[in-house]
Amino acid sequence: MARSNSIQNYSDGVFKTANTVVHNLARANPDRVAIRQKRFGIWNEYSWADVDRLTKELAAALVELGVKQGSKVGILSENRCEWVMSQFAIQAAGATVVGMYPTSPSVEIEHLVGASDTEFLFIEDQEQFDKIVALDGQLPILKKLVVFDPKGLQGESFLELQSYADLAKKGRELFPIHAAEIEERIGATKAKDTALMVFTSGSTGAPKPAQISHGNYFAAGKLIDDFFGGHVLQGSNILSYLPLCHIAEQDMTVVNALAANHIMNFGESLRTITLDLRDAAPDLFFGVPRIWEKMHAGLMVQVKTAHPIQTWVTEMALNSAEKRAQTPRSKWSFWQRARNQFWDVLIYRHLRSFLGLGHVKIAITAAAPISLDLLTFFRGIGVNICEIWGMTETTGAACMQPDWGECEGRVGFFPDGVVAKIANDGELLVKGDIVFKGYYRNPEATASTLVDGWLHTGDIAAHHPDGSFSIVDRKKDVMITSAGKNLTPSLIENTMKASHFIKECIVFADRRPYPTALVQIDFETMRVWAEKAGITYTTFRSLAENPAVVKLIDQEIERLNQRLARVEQIKKVKLLTKELDHDDGEVTATLKVRRAKINEAYAVEIDALYQEHA
Amino acid sequence: MLSVENIDVVYHHTVQALRGLSLEVQKGKIIALLGSNGAGKTTTLKTASNLVQLENGHVREGRVMFKGQNIARLSADALVHKGLFHIREGRRIFSELTVEDNLMAASYALKGRALRPDYDKVYAFFPRLKERRKQVAGYLSGGEQQMLAFGRAMVAQPEMILMDEPSLGLAPKIITEIFDTIRRLNTEDGITILLVEQNAHLAFSIADYSYIMESGQIVMEGSSDKLRSDPDVRSFYLGVAEEGDERESFRDVKHYKRRKRWLS
């Protein structure tokens, strides 16, 4: 990719902190847009020069506040430009950023703050403030609070609360005094210093703070070229909407912006995401499988409820795409390409624009396994969706599929600079500059994860002849039935989730005679079906308890069971009468199922699944 | 008596007001329908009484059954003859006619039913109307106009009444009176009632069963006692703070809304 020499960034290979990169970008191209933030319907722009100046001023205020080199400063907020500004400011002050999920309930925040020794905390608004106040007396180490949106908090002085605007104003006045100090702190930052603490999702226990060093961050930036090189030009748009405290969104938003000079766009709020997506028209789009499932379900509801002619034509287009999916895109015959072109003009491109993916060059799915049918669907309508595998401990993306997923493995190839091998027990081991430093204040967990420089990922992987990899399942999730058969639940669950009536499927088989499952129906698609079938319902519960719905799900399970080996087939299911929720502790902040918790909360239902059959 | 099954209602072919809404009203019960502004409560009633077409609304899917008969082919006045009376929001009396004439006009509903209008019963229920029976209805107070609207319903001798916000714009004392009347209509005359109401306290006090609506869908249903103790209903409809503490001033009102979950 052509790039002007005056801009120094990650690709020249010499270690730099994020602040240095921002400074270099600001010097080379002061007016270039770095961040856009939508407020009250208007997109406000910040150039790289603004970002450089504002973050250093803010850093001056932090120094005055008592932030020391190595202090832990938390951010508890939804994505907004202040998140990234604070992040750079904290790092400029030589401190460590601790990202926290704004959806976390109070008790979880207590754990996050306590486990990371957070002394200073940036919070978003009154809602987060109330959660902190509720923990009064339980967070002895937390000293000061800064709030982004002070609405409703005037006159509050809990933990010396002040607004971000006031802090920025103080910083502007104090900057001349602390300028030298800040330059010195940036200069003193080493590659091994911790830049960021990211909490693991905590699907098996309490979330652990993983320490990501400045060196990891820098190494992740260097991989960006390998992943997207040539495809996504400088100045491309990225919409930041998944939580920034998650490593994948850090990678997507911040690392990308620094490494390839992309524009970080922050929408109005999570509730306006569909509109913001159409506004920003990103070139690069990252979604977790849940997002893709939702898009697919939403689209199918539209197709099914459209005018009969529209439904008929669209279904014809989709069937045509499905037929072509057997052949890799690069090996298409002339006629296949012609047919694709025809339907693209007529249908596919409209579907893409409807989803807000009209400009997307590369779409990414990661963070959880995705059903193959879903990938085929999106590739069919012309979305170049590629799977990425990575984890918090590898600073995000570690390997990626080539364009249109054309490789044998489901997660593609590791780039140069990352070495991978498969241990005797099938576990994937990874080595490279992106491998994290270790868990904060948790030497036992670190020692069992990092052995001789190899990261033990906890994922069972398979290596394909073409050099690509596939992930089989989490090592801990592998279940052994009472008949002694090893089962990988995620394989079974994803097979079932291919049905668009099934949103969530949790398989049980460990020390049991056969697999059973709890199923959460997809309310949106199920209601359309119910209306067509003349089934009366009111709420989610009444739909899930309807015998016709239960019968339909049983048929779906029976149909999908045919794709599985005999021992893997689900013998019996129970429909959940409520949706799984983070507030009830059933899923993590990233909507990953907490099996232990489900086992406990639904023990009666699970036992019933076995008794009735016995 | 009345069952609404998965109805989708769209106004002007563009604005979707109801999305797969279902509810069931059993004979002799009082059923309340609650929800915030624009949730689709009034549209639900208008669909049930077939008035929605007059406002360019169309039922795209689903059906409404009254006494086991699909109402789709019945006109609004035919429904009244069959015993379904709709008291619309804002009274809608003939303001130029006298009280007596208003009641007389309502007796049209009895045509072909071999019933005689019982004006005395109305006057016994509402002595105030008797005092003012020669007055032009437009000059009555709001409470009296609501009584007149109820009186017209009674003249029609319906089996079921759809009531749209009877407490709207009335003084608390009058509201108590109106709700007493609703209860009497139900217990004494055995009239089935579907009540749309903003005041959740009042609605729960007389309803046997309630539905809560939001953006054209039912989000929750249950007996009044069950809903009254639900944390979501308490904080969003009954204005009771979660901890049960009292708010001292407007400053204490939160700027964010607790996430609604509507677990049933």
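Taken together, the values in this text are just the output of simple stated rules run on the coordinates, not laboratory data. In this text, all values refer to a predicted model and were calculated from it rather than measured experimentally. FYI the Cβ positions are ideal-geometry reconstructions off the backbone, even for glycines, and counts take in every protein chain you see.
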Cβ density ranking, 10 Å radius, fewest first, applied to B:Y139, A:Y440 yields B:Y139, A:Y440
Output for region B:83-117: GluC sites (Glu not before Pro) sitting in coil per DSSP, at most 10 other Cβ within 10 Å, listed by number, reads B:E96
Going through A:K331/A:K503; A:K304/A:K551; A:K476/A:K571; A:K143/A:K437 one by one, the pairs whose alpha carbons sit over 30 Å apart turn out to be A:K331/A:K503
P(r) over all Cα-Cα pairs of region A:478-611, 10 Å bins from 0 to the longest distance, whole percent per bin, short to long, reads 12, 43, 35, 9, 1
Answer in debye to the nearest 20: the dipole magnitude of region A:478-611 about its Cα centre, from +1 Lys/Arg and -1 Asp/Glu charges placed on Cβ, is 480
Note, region B:59-64: 3J(HN,Hα) by Karplus (6.51, -1.76, 1.60, θ = phi - 60°), whole Hz, Gly/Pro = x, goes 8, 7, 9, x, 8, 10
Protection proxy (average C-beta count within 10 Å per residue), highest first, orders A:171-184, A:563-576, A:89-102 as A:89-102, A:563-576, A:171-184
For chain B, the longest principal axis of the Cα atoms and the Cα long axis of helix B:172-189 enclose an angle in degrees, to the nearest 10, of 70
Two pseudo-spin positions, 7 Å from Cα along C-beta at A:R566 and at A:V107, lie apart in nanometres by 4.5
Gyration tensor on Cα atoms of chain A, a ≥ b ≥ c root eigenvalues, a/c under 1.5 rounded, else prolate if a/b beats b/c, else oblate, says prolate
Magnitude of the Cβ-charge dipole (Lys and Arg +1, Asp and Glu -1) of chain A about the Cα centre, nearest 20 debye, reported as 1360
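Report the chymotrypsin sites (Phe, Trp or Tyr not before Pro) located in region A:38-79 that are in a DSSP loop and have at most 15 other Cβ atoms inside 10 Å of their Cβ, or state none. If you can, show how the numbers build up before the last one.
Details: sites: A:F40, A:W43, A:Y46, A:W48; in loops: A:F40.
Of the chymotrypsin sites (Phe, Trp or Tyr not before Pro), the ones in loops of region A:38-79 whose Cβ has at most 15 other Cβ atoms within 10 Å are A:F40.
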If the label point sits 7 Å along Cα→Cβ of B:Q16, residues of region A:310-333 with amide N under 16 Å come out as A:311
Amide H proximity to A:G426 below 5 Å, modelled H, separation 5+ or other chain, gives none
Given 10 °C, 1.306 mPa s and a Kirkwood radius over Cα pairs, the Stokes-Einstein diffusion coefficient of region B:24-165 in µm²/s is 98
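Within region A:391-435, list the GluC sites (Glu not before Pro) lying in a DSSP loop whose Cβ has at most 14 other Cβ atoms in a 10 Å radius.
On the way: sites: A:E393, A:E406, A:E408, A:E427; in loops: A:E406, A:E408.
Answer by residue number: A:E408.
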Expressed in angstrom, Rg and Dmax over the Cα atoms of region A:183-342 are 20.9, 68
Under the Karplus relation with 6.51, -1.76 and 1.60 and θ = phi - 60°, whole-Hz ³J(HN,Hα) for region A:506-516, x at Gly and Pro, equal 10, 8, 10, 7, 4, 6, 10, x, 7, x, 10
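Taking K and R as +1 and D and E as -1, what net charge do the other residues with C-beta under 15 Å from the C-beta of A:T189 add up to?
Details: positive: A:K16, A:K56, A:K68, A:R185, A:K190, A:K192, A:K437; negative: A:E181, A:E183, A:E184, A:D193.
Charge balance near A:T189 sits at +3.
Quick check on region A:478-611: of the DSSP beta bridges with both residues there, what percent are antiparallel, nearest 5%? Please list the in-between numbers first.
Values: 9 of 13 bridges.
Taking every DSSP beta bridge with both residues in region A:478-611, the antiparallel ones total about 70 percent.
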Whole-Å distance linking the alpha carbon centroid of region A:358-375 with that of region A:425-493 is 22
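Run through the DSSP bridge list for region A:14-213 and note the antiparallel percent, rounded to the nearest 5.
Values: 11 of 28 bridges.
For region A:14-213, the DSSP antiparallel bridge percentage is about 40.
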Within the under-11-Å Cβ sphere about A:F286, not counting A:F286, Lys/Arg +1 and Asp/Glu -1 give a net charge of -2
Between A:V451 and A:F334, the two model label points (7 Å from Cα along the beta-carbon direction) sit apart by a distance in nm of 5.8
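For region A:14-213, divide the Cα radius of gyration by the Kirkwood radius and give the resulting Rg/Rh value with two decimals. Write out the running numbers ahead of the final one.
On the way: Rg = 16.5 Å, Rh = 17.3 Å.
Result for region A:14-213 is an Rg/Rh of 0.96.
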Among beta bridges assigned by DSSP with both residues in the protein assembly as shown, the antiparallel ones amount in percent, to the nearest 5, to 55
Per residue of A:537-544, other chain Cβ atoms within 10 Å number on average 6
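Could you tell me whether chain B comes out rounded, prolate or oblate from its Cα gyration tensor? Rule is a ≥ b ≥ c as square roots of the eigenvalues, rounded for a/c under 1.5, then prolate if a/b exceeds b/c, otherwise oblate.
oblate
Mind giving me the FRET efficiency for A:D31 and A:R172? R0 is 22 Å, r the Cβ-Cβ distance, nearest 0.05 is fine. If you can, show how the numbers build up before the last one.
Numbers: r = 21 Å, r/R0 = 0.94.
Efficiency computed from Cβ-Cβ geometry: 0.60.
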Honestly region B:88-235 on the Cα gyration tensor test (a ≥ b ≥ c root eigenvalues; a/c under 1.5 rounded, otherwise a/b vs b/c for prolate or oblate) is just prolate
Taking alpha-carbon centroids only, region A:113-181 lies from region A:509-548 a number of Å equal to 45
Region B:49-70 and region A:260-339 have their Cα centres apart by a whole-number Å value of 36
For peptide A:571-581, the mean count of other chain Cβ atoms within 10 Å per residue Cβ is 1
